[in-house]
Each structure stands twice: as C-alpha cells, then as structure tokens.
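Trainee: Take a look at this one; I'll ask things after.
Values in this text are rule-based calculations from the coordinates and carry no lab data. On a predicted model such as this, the values are computed, not experimentally measured, just so you know. No Cβ is skipped: glycine too gets one built from the backbone with ideal geometry, and neighbour counts run over all protein chains shown.
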Amino acid sequence: MPLRSTLTRDQVESVVVQTLASIRPELSPVSGATPLIGEQAVVDSVGFITLLVAIEQGLGSVVDLSASFMEQNAVDDSQHPFRTIESLTDHICGMLSGQQG
Amino acid sequence: MTFNQDDIDLFSKASHDRNPLHISDDYARRTVFGERVVFGGLAALACLGRLSPGRSAPMSTLNCEFVSPVLIGVDYQVEITRSDRHAHVLLRDGKRIVVRMSVTFQDSRHIDFAPTFDEPPTSEPTTRTFSELPIGFSVAGRWSPDRSGFVKLLERYELSSAGTADRQSATLLWASYLVGMELPGKHALFSRLAVTFPSGGTTCDSAFDYSATVTSANPHFQLVTASATVRCGTQIVASVEIAAFVREAVSNSTLTEINALCPSSSVLEGRVALVIGASRGLGAAIAQGLALQGCTVVANYARSGREAVEMRESLRDAPGSVLLEQGNAMDATWCAGLRDRLISKYGRLDYLITSASPPLLPLWVESEAVSRVVSHVADSLKLVLSPLATCLEPLAKSKGTHVLVSSSAVTKPVASWPHYVSAKCALEGLVAAASAEYPTVKFVVMRPPRLRTELTNTPLGRHGSLPAALAASHLIAALLADRNTSRGGVMYLDSFEAHSRS
C-alpha cells in the first residue's frame with residue numbers, strides 16, 4: 001500500500017521487524033502474525049515498551065506510538081492495533097496517512 | 001540460583017548503591033513488589049560467574065535486560081548458550097525470563113584493576129522525578145567500589161576464575177550505583193544496560209570518573225535512557241547506555257475526588273464500619289467515602305502507619321470519625337480482640353469491608369510456582385476469613401453488610417495471575433457459604449477492573465486502570481441504595497462506569 005508519507009508499508013514493516021530482531025535476536029524468523037501482546041506475545045511488557053520506543057526512533061520520531069498505545073482502551077483486546085506485527089504496521093501506516101492527510 | 005538478604009547487602013556495600021527498593025524492607029513493602037528486590041546488577045554478576053571457568057578473554061560488549069524483578073529466596077534457573085566469542089544467558093523463573101544477557105568477548109589480555117578507593121559522590125539516593133530528567137540532563141562524578149565489599153563479591157561469585165575482568169565487574173557495580181543513586185535515583189527501575197569495553201589499555205589505578213547524559217525521555221512510560229562514559233585516568237574503561245523507568249508513587253484518593261463522585265446523603269450517619277486494609281488504595285478510598293457519609297470508621301492497617309495517619313488527618317473535618325487500628329488481620333485472635341474493643345466502644349458493627357490483599361507479582365501455572373500460588377491464596381483467605389469469622393455475629397445482630405473486594409479477574413481471568421484469580425474465586429465462594437449461614441447479613445462482592453493503586457503500579461499496569469475513588473464511590477452509592485431493601489443474599493457490584501455526583 002503506497003502511503004502519502006515518504007515511507008511505504010513495506011518500509012514500515014521492515015522497521016518493525018528489524019527493531020524486533022534487534023531486541024529479540026534469538027527469535028526465529030517472524031511473520032506478520034507474530035503476536036506482540038497477549039498470552040502468546042514474543043515480548044514481555046518491558047520488551048514491548050522497549051520495542052515501541054525503538055520503533056518510534058527507527059521511524060525518525062514522526063509518530064508517537066507510545067501516546068497512541070496509551071490511548072487504547074485495553075491491552076488484551078483481540079482487536080488491539082498493537083497485537084501483531086501486521087496490525088501494528090497497519091496502525092503506523094494509518095497514523096502516517098492521517099498526518100499527511 | 002538463589003539470592004538472600006546477605007547477597008543484597010554485600011552488593012550494596014560493594015557498589016555504594018543504597019537504593020531503598022533493595023535495602024529497605026519498609027520502603028520496598030510499600031511498592032508494587034511488596035518486598036526487597038534483588039539488584040539487577042547483582043543478578044547479572046552472578047550469571048557472569050556461571051560462565052565456563054577458564055575463559056580468559058575479557059568482555060567486549062555486555063547487554064543486560066532486567067525484564068522482571070528478581071526476588072529473595074526464589075530458585076532461578078540459569079541457561080547459558082555460548083561459543084568462543086559469544087554467550088547468551090537467561091535467568092528464568094520457570095518459563096518466565098527475568099534477566100536476559102548477551103556477551104561478546106575480545107582478543108586481548110586483561111588489564112589490571114588496582115583503583116584508589118574513594119567515598120562515593122552521594123550516600124543517599126537522589127529523588128528526581130521524571131520531569132526533572134529532561135533530555136540533556138547530566139551528572140558526573142568519581143566512583144570506586146568499596147574495597148572489602150568488592151573483594152568479597154568477586155570471591156562470592158567466583159568472577160575472576162570465570163574470566164570476568166575485575167574492572168568490568170566494577171563497571172556493572174558502578175552502573176547500578178548510577179541508576180539507583182543518581183540517574184534517575186531513588187525512584188529508578190533499572191530496565192536495560194549496554195556496555196562496550198574498549199580493548200587494550202593500561203592498568204587502571206585510580207577511581208572511575210564518569211559522566212552520564214539523558215538521551216531520551218518517554219513521558220508515556222516514564223522511561224529514561226542515558227549515555228555514559230567511564231574513565232580511569234585518561235583511558236576510557238567503558239561506554240555505557242542505560243534505560244530506567246522512573247517509578248511514580250500512587251497517592252491515595254483525595255477527599256476532593258471522592259466528594260466529587262459520591263452522592264450527598266445522611267443515610268449512613270451514625271453507622272459503624274470496620275475497614276480491613278484501610279491505609280492505601282481502594283480500602284483507603286472506601287474509608288474516606290464512609291467517613292464523608294457520616295460513618296464511624298475503624299480503619300485497620302498492618303504496617304503502612306504513615307499512610308494511615310495521612311488518611312485519618314485528611315478526614316479531620318468530615319462528619320464521621322476515623323479510629324486507626326494497627327494489626328495483622330490474618331490473625332483471628334487479634335481480630336476477635338478488635339471486634340470486642342469495637343463493640344465495647346460503639347455497641348454495634350454495621351459494615352465490614354475486607355480490602356486487604358497480598359502483593360501481586362506475576363506467576364504462571366507451572367510446577368516452579370506451586371508453593372507461591374498456594375501461599376498467596378492462603379494469605380488472601382486469611383485476610384478475609386479471620387475478620388469475617390469474628391465479625392459475622394455482630395453483623396447479624398445489626399443486620400449489617402459485609403463487602404468483599406474481589407476483582408473483575410474472576411470473570412475475565414488474567415494470564416500470569418493464577419494465584420490472584422484463584423484467591424478471589426475462593427473468597428467469593430467463602431462469601432456465598434457465609435451468606436447461606438447468615439441470612440440476615442447482606443453481602444456485597446465488588447468486582448472492579450484493575451485499579452490505579454500501588455498493587456498495579458508497573459509501566460504497563462497503570463494503563464487503562466480505574467481510579468480507586470471511582471470504585472469506592474460506586475460502593476457508597478450501592479450501600480445508600482441498599483439501606484431500605486431486604487437483608488440477606490449476595491449482591492455483585494461489577495459495573496464501574498465513570499459518573500459524577502448527583
């Protein structure tokens with residue numbers, strides 16, 4: 001999906017995946033369905049915060065993911081935009097598109 | 001691998017890190033952890049001591065993530081995966097990782113470490129809040145380990161024979177000092193440490209000169225990162241990146257908050273209430289709410305005397321009065337004495353609110369956690385059963401009400417809280433049985449969602465939590481509405497929508 005920002009969806013996903021790999025290098029190859037929150041999450045709560053902060057920095061601080069996360073109503077919601085790599089990527093792309101629009 | 005209080009004291013002595021989360025029982029008990037926490041740096045050093053003996057190369061890089069608190073007396077497992085140049089270390093409590101480390105080694109000789117031993121820049125931790133740590137904030141000073149403590153620590157964990165250079169071990173101690181005493185200081189929760197050790201150099205024969213600067217400050221998670229450089233004379237000993245959360249104490253609800261939420265009424269005036277666990281959190285908010293309604297409140301607390309006095313003082317001008325009663329509510333004999341004093345003084349008991357709960361740290365359904373789950377459930381039961389068993393007769397006599405503070409986790413269980421969920425389910429069962437035995441007593445089971453109290457005061461635990469004042473106001477409203485209804489039975493209070501005084 002091309003974005004109106006300078007970043008494509010693939011580039012955003014690449015930042016998410018590479019950031020996760022830098023935090024959890026022992027993880028086997030990850031996919032879009034890799035869970036980031038909930039019982040099956042590949043990162044713990046501190047790791048999740050570290051991931052969000054590092055992704056923000058990896059994207060040049062153009063999105064405030066921390067604030068966005070805190071605005072969500074429930075950490076364990078099955079529809080949570082931060083639940084997987086794929087949904088988080090979509091969420092970031094949506095934030096970027098919103099900024100451009 | 002286990003840690004005891006002597007280990008903590010030795011590390012504190014060697015590092016000059018006197019952060020009260022680690023060395024003060026009284027302070028630590030009032031945090032989310034409920035007890036003294038083992039220094040992350042100590043756990044990391046102990047793990048380094050488990051690396052294969054005979055490795056002679058010093059470290060090139062060291063990365064530590066302090067994922068969960070390390071606690072006294074828990075039997076941790078150490079997993080080491082290593083090659084000539086790398087090692088990965090996991091410190092586990094069952095399936096839960098508490099410390100994750102990665103190490104790389106360099107091809108160079110050890111550099112002698114023979115520092116001068118100076119007094120540290122500060123002997124008491126600074127009390128900086130998150131807002132006092134903006135990007136660019138910096139600290140600098142001179143540090144060296146305590147001589148005898150350092151030697152004992154190296155011996156205790158066989159660090160030299162495990163191949164860890166002494167000045168690299170000292171760097172870990174210094175990092176603990178920096179985080180626990182200066183940046184952030186008293187309110188720190190050490191999260192990550194990344195150290196790069198340059199190769200080569202000459203004997204380090206002076207104390208460490210250090211400087212550290214805040215490089216990022218995330219207000220949503222109160223997470224601070226800093227870059228630091230450690231020098232010995234003119235040579236750089238280590239380049240260091242740290243990340244630490246700045247813990248923010250959760251204050252009790254204010255009267256203004258409760259007044260704004262509770263209905264105005266004189267219906268409860270003159271009633272007598274006993275609140276177990278009234279010094280902090282929801283228990284304190286309920287005690288405040290009842291006193292504002294004109295109740296006489298006997299407020300029990302175990303050890304949080306300062307908070308209990310503050311709560312009572314806040315109600316000086318309230319229509320109701322507050323009497324503090326310190327004691328262990330798990331002790332049925334003590335509860336019986338309290339009941340007798342209460343009846344002797346006031347002649348009746350209308351409300352018993354059981355709000356006390358043991359500290360809540362994550363556990364899993366696994367063999368390593370069996371004794372801790374059982375212990376948590378047993379303590380939770382005692383905290384309710386002892387006062388309930390001793391107070392049911394006077395409650396029955398006055399056609400009074402018992403309020404159990406349960407949790408929404410009973411109907412929406414939380415993974416990693418098996419002990420908490422089990423305890424709350426057991427308590428609800430206890431209430432159901434008591435209801436059958438005492439038909440003239442009304443029972444109210446509160447099932448609030450996660451509350452904003454010290455019990456959930458973690459970086460993510462605060463997220464989406466409910467103010468204690470709001471939960472308390474719903475109970476007060478329910479008690480007011482319930483005054484004219486028939487006795488007996490169990491009422492479940494599980495809706496806590498935001499509202500304002502009407």
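Trainee: Using Cα pairs closer than 8 Å and at least 6 residues apart in sequence, work out the relative contact order for chain B, in percent.
Mentor: Taking the mean separation of contacting Cα pairs over the length of chain B, I get 13 percent.
Trainee: OK, next. If you take every DSSP beta bridge fully contained in chain B, what fraction is antiparallel? Give it as a percent rounded to 5.
Mentor: That works out to approximately 70 percent antiparallel.
Trainee: If you wrap a convex hull around the alpha carbons of the protein assembly as shown, what volume per residue comes out, as a whole number of Å³?
Mentor: 166 Å³
Trainee: Between rounded, prolate and oblate, where does the range B:81-233 land on the alpha carbon gyration tensor, with a ≥ b ≥ c its root eigenvalues, rounded for a/c under 1.5, else prolate if a/b exceeds b/c?
Mentor: Judged from the Cα gyration tensor, the range B:81-233 comes out oblate (a/c at least 1.5, b/c at or above a/b).
Trainee: By how many nm would the segment from B:Ser161 to B:Val309 grow when fully extended, if each residue of separation counts as 0.36 nm and the alpha-carbon distance is taken off?
Mentor: 48.0 nm
Trainee: Test of understanding: extend the Cα→C-beta vector of B:Asp9 to 7 Å, then name every residue of the range B:66-103 with backbone N under 17 Å from that spot.
Mentor: Output list for this probe position: B:72-73.
Trainee: In nm, give the distance between the simple-model label positions of A:Asp10 and B:Val370, each being 7 Å from the Cα along the Cα-to-Cβ direction.
Mentor: 5.4 nm
Trainee: Could you pull out every one of the lysines with an alpha carbon less than 21 Å from that of B:Lys152, ignoring same-chain neighbours closer than 8 positions?
Mentor: B:Lys13
Trainee: Could you compute the FRET efficiency for B:Ser83 and B:Ala249, with r as their C-beta to C-beta distance and R0 at 41 Å, rounded to 0.05?
Mentor: 0.35
Trainee: Using label points projected 7 Å from each Cα along Cα→Cβ, tell me how many nm separate B:Thr203 and B:Glu437, to one decimal.
Mentor: In this crude label model, B:Thr203 to B:Glu437 measures out at 7.6 nm.
Trainee: Evaluate E = 1/(1 + (r/R0)^6) for B:Phe117 and B:Asp379, where r is the Cβ-Cβ distance and R0 equals 51 Å; express this FRET efficiency to the nearest 0.05.
Mentor: My answer for the efficiency is 0.70.
Trainee: In chain B, which cysteines lack any other cysteine Cβ under 4.7 Å from their own?
Mentor: That list is B:Cys47, B:Cys64, B:Cys262, B:Cys295, B:Cys335, B:Cys391, B:Cys425.
Trainee: Can you list residues from other chains, or at least 5 along the same chain, whose modelled amide H is less than 5 Å from the amide H of B:Leu493?
Mentor: The answer is B:Val445, B:Met446, B:Arg447.
Trainee: Sticking with this one: Given a Förster distance of 56 angstrom, what is the FRET efficiency for B:Glu393 paired with B:Ser108, based on the Cβ-Cβ distance and rounded to 0.05?
Mentor: So the FRET efficiency works out to roughly 0.15.
Trainee: Let me ask another. Can you give me the C-alpha center-to-center distance between the range B:103-160 and the range B:183-223, rounded to a whole angstrom?
Mentor: 9 Å
Trainee: Take every DSSP beta bridge with both residues inside the protein assembly as shown and express the antiparallel ones as a percent of the total, to the nearest 5.
Mentor: Given both bridge residues lie in the protein assembly as shown, the antiparallel proportion sits at roughly 70 percent.
Trainee: Taking Cα pairs under 8 Å and at least six residues apart, what relative contact order does the range A:9-100 come out at, in percent?
Mentor: Relative contact order here is 39 percent.
Trainee: Could you list the residues of the range B:119-149 with an amide nitrogen less than 18 Å from a label point located 7 Å from the Cα of B:Thr229 in the Cα-to-C-beta direction?
Mentor: Residues passing the 18 Å test: B:136-143.
Trainee: Now a separate question. For the range B:1-82, which semi-axes, largest first and in whole Å, follow from the square roots of 5 times the eigenvalues of its Cα gyration tensor?
Mentor: Ellipsoid half-lengths, sorted descending, are 26, 14, 11 Å.
Trainee: Still on this structure, please answer the following. Evaluate the distance, in nm, between pseudo-label points positioned 7 Å from the Cα of B:Leu323 and of B:Ser344 along their respective Cα→Cβ axes.
Mentor: Computed distance between label sites B:Leu323 and B:Ser344 equals 1.0 nm.
Trainee: As a check on your grasp of the helix formula, calculate [θ] at 222 nm for the protein assembly as shown: sum -39500 (n - 2.57) over DSSP H runs of n ≥ 4, divide by the residue count, round to the nearest 500.
Mentor: Value at 222 nm, helices only: -11000 deg cm²/dmol.
Trainee: Here's another thing I want to ask about it. Quick check for me: using +1 on Lys/Arg Cβ and -1 on Asp/Glu Cβ, what's the dipole size of the range B:5-246 about its Cα centre, in debye to the nearest 20?
Mentor: 500 debye
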